[in-house]
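The values are calculated or read from the model by the stated rules, or taken from the named source; none is laboratory data. What you are looking at is a predicted structure, and each value in this text was computed from that prediction instead of being measured. Counting neighbours? That spans all protein chains shown, and the Cβs are built from the backbone with ideal geometry, glycine included. The area values use the complete protein model at the heavy-atom level, side chains included, leaving out ligands, DNA and RNA. Shrake-Rupley method; radii C 1.70, N 1.55, O 1.52, S 1.80 Å.
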Amino acid sequence: MAIERTLSIIKPDATRRNLTGKINAKFEEAGLRIVAQRRILLSREQAEAFYAVHKERPFFGGLVSFMTGGPVVVQVLEGEDAVAANRRIMGATNPANAEPGTIRREFAEDIEANSVHGSDSAENAATEIAFFFTPNEIVG
Ligand code: GDP
């Protein structure tokens, strides 16, 4: 297995409930390192661009409103097989289907307000990391 990086976002439902530390503990306990992190408010343009792949989906408008409705924490996680490892730590998109112990099972409110985003492939991870961070902002 290779050392990889992946893009993570702690979503507004989680920052609102002050869960940033508990979520970060899940990453660190699983062996991922937080090598970049910034708390920001996404603009509508940023959220629409970030989720452009979903723009024809019925939930797109709601998703953009949700993601711009409060602070998010954008972060780069580094570790062995980080893309897949983070997807395991997050759990299924719908928290009702997420495994016990996963972030979404423990913290998510529903299928939209599901507490975290994580890149779903190494290729998307590279694109998503570059969307938020310059190379010199990532310190491994
Ligand atoms: P992810 O990779 O597990 O985050 O899932 P997707 O890439 O399929 O969806 C992106 C995000 O859109 C999810 O994390 C949810 O916040 C939201 N989402 C996905 N499916 C639905 C849905 O059926 N309804 C609503 N309201 N939101 C959804």
Ser119 meets each of (1) open to solvent by 30 Å² or more (accessible area, probe 1.4 Å); (2) near the ligand (Cβ under 10 Å from one of its atoms) with one exception, condition (1)
Per the filter on the stretch 21-54, residues under 24 Å from Asp81 (Cβ atoms) and assigned to a helix (DSSP H, G or I) are Lys22, Ile23, Asn24, Ala25, Lys26, Phe27, Glu28, Glu29, Phe50, Val53
Of the residues that make up the stretch 106-120, is at least one in contact with a Gly (Cβ under 9 Å, 6 or more places away or on another chain) and over 23 Å from Arg17 (Cα atoms)? no
Here the qualifying pairs (Cβ atoms under 6 Å; residues six or more apart or on different chains; first in the stretch 116-131 and among the hydrophobic types (A, V, I, L, M, F, W, C); second part of a helix (DSSP H, G or I)) come out as Val116/Met90; Val116/Ile103; Ala122/Val83; Ala125/Val83
Note: among Pro95, Pro58, Pro71, Pro100, just one is in contact with a Ser or Thr (Cβ under 7 Å, 6 or more places away or on another chain) and under 21 Å from Asp13 (Cα atoms), namely Pro71
Going through the stretch 42-62 in order, the residues found to be of a type in the set (A, V, I, L, M) and surrounded by fewer than 17 Cβ atoms within 10 Å (Cβ to Cβ) are Ala49, Ala52, Val53
Expected single match for within 22 Å of Glu137 (Cβ to Cβ) and free of Cβ contacts under 8 Å to residues at least 12 places away in the same chain among Glu4, Glu56, Glu28, Glu78 is Glu28
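Yes or no, residue by residue, for (1) surrounded by 20 or more Cβ atoms within 10 Å (Cβ to Cβ); (2) part of a strand (DSSP E or B); (3) in contact with a helix residue (DSSP H, G or I) (Cβ under 6 Å, 6 or more places away or on another chain):
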{"site": "Arg104", "(1), (2), (3)": "yes, no, yes"}
{"site": "Glu109", "(1), (2), (3)": "no, no, yes"}
{"site": "Glu123", "(1), (2), (3)": "no, no, no"}
{"site": "Ala126", "(1), (2), (3)": "no, no, no"}
Return a yes/no flag: does the stretch 79-99 have any residue that is buried (at least 20 other Cβ atoms within 10 Å of the Cβ), part of a helix (DSSP H, G or I), near the ligand (Cβ under 10 Å from one of its atoms) and under 11 Å from the mean Cα position of the chain (by Cα).
yes
When (1) in contact with a His (Cβ under 9 Å, 6 or more places away or on another chain); (2) on the phi > 0 side of the Ramachandran plot are applied to Gly101, the one that fails is (1)
